[in-house]
Amino acid sequence: QVQLVESGGGLVQAEGSLRLSCAASGPPLSTITMGWFRQAPGKEREFVATISLSSGRTYYADSVKGRFTISRGNAKNTVYLGMNSLKPEETAVYYCAERSGSTSWRWNEYAYWGQGTQVTVSS
């Protein structure tokens with residue numbers, strides 16, 4: 001069973017930065033893509049970024065392009081989400097997810113999910 005554990009969330013002022021981490025454990029999938037999503041209270045889950053662990057190919061939501069960076073860690077099946085110039089409206093629970101296959105922005109195509117980490121951006 002794949003398990004994902006996120007860390008790095010917290011409280012930050014607007015225009016500040018945070019880096020989220022996600023460590024995956026369990027049987028490796030043949031072709032792994034990992035992604036970050038977020039969900040604010042009363043809103044739908046929203047795609048943030050995704051990365052193919054084999055190719056390094058990345059894909060971002062338009063709203064975060066140029067400010068967020070998804071990257072692979074040196075440890076196997078570890079990914080990071082660097083977030084700069086954070087905005088109050090980006091306050092949400094951020095989730096790490098994993099799927100077997102190519103990069104995807106669709107949350108329902110990801111089979112495994114972490115418990116989420118809260119990011120709060122104050123104005």
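Remarks
- Check on Phe37, buried (at least 20 other Cβ atoms within 10 Å of the Cβ), out of contact with any Leu (no Cβ under 7 Å at 6 or more places or on another chain) and of a type in the set (A, V, I, L, M, F, W, C): yes
- Unique match (being open to solvent by less than 70 Å² (accessible area, probe 1.4 Å), more than 12 Å from the chain's Cα centre (by Cα), modelled with pLDDT of 95 or more and among the hydroxyl-bearing types (Ser, Thr, Tyr)) among Ser25, Ser17: Ser17
- Where strands (runs of 3 or more DSSP E) sit wholly within the range 1-74, those with at least 3 residues that are touching a residue at least 60 places away in the same chain (Cβ under 8 Å) occupy 3-7, 10-13, 18-25, 32-39.
- Pairs with Cβ under 7 Å, 6+ apart, first in the range 82-96 and open to solvent by less than 10 Å² (accessible area, probe 1.4 Å), second in a loop (DSSP other than H, G, I, E, B) and not polar (S, T, N, Q): Met83/Arg67; Leu86/Ala14; Leu86/Glu15; Leu86/Gly16; Ala92/Ala40; Tyr94/Gly9; Tyr94/Gly116; Cys96/Gly114
- Residue check, Thr58 farther than 18 Å from Ser25 by Cα, open to solvent by less than 70 Å² (accessible area, probe 1.4 Å) and at pLDDT 95 or above: yes
The values are calculated or read from the model by the stated rules, or taken from the named source; none is laboratory data. The structure displayed is predicted, hence computed values, not measured ones. Backbone-built Cβ (ideal geometry, glycine too); neighbour counts: all protein chains shown. Heads up: the accessible areas ignore ligands, DNA and RNA and are worked out on the full protein's heavy atoms, side chains in. Shrake-Rupley method; radii C 1.70, N 1.55, O 1.52, S 1.80 Å.
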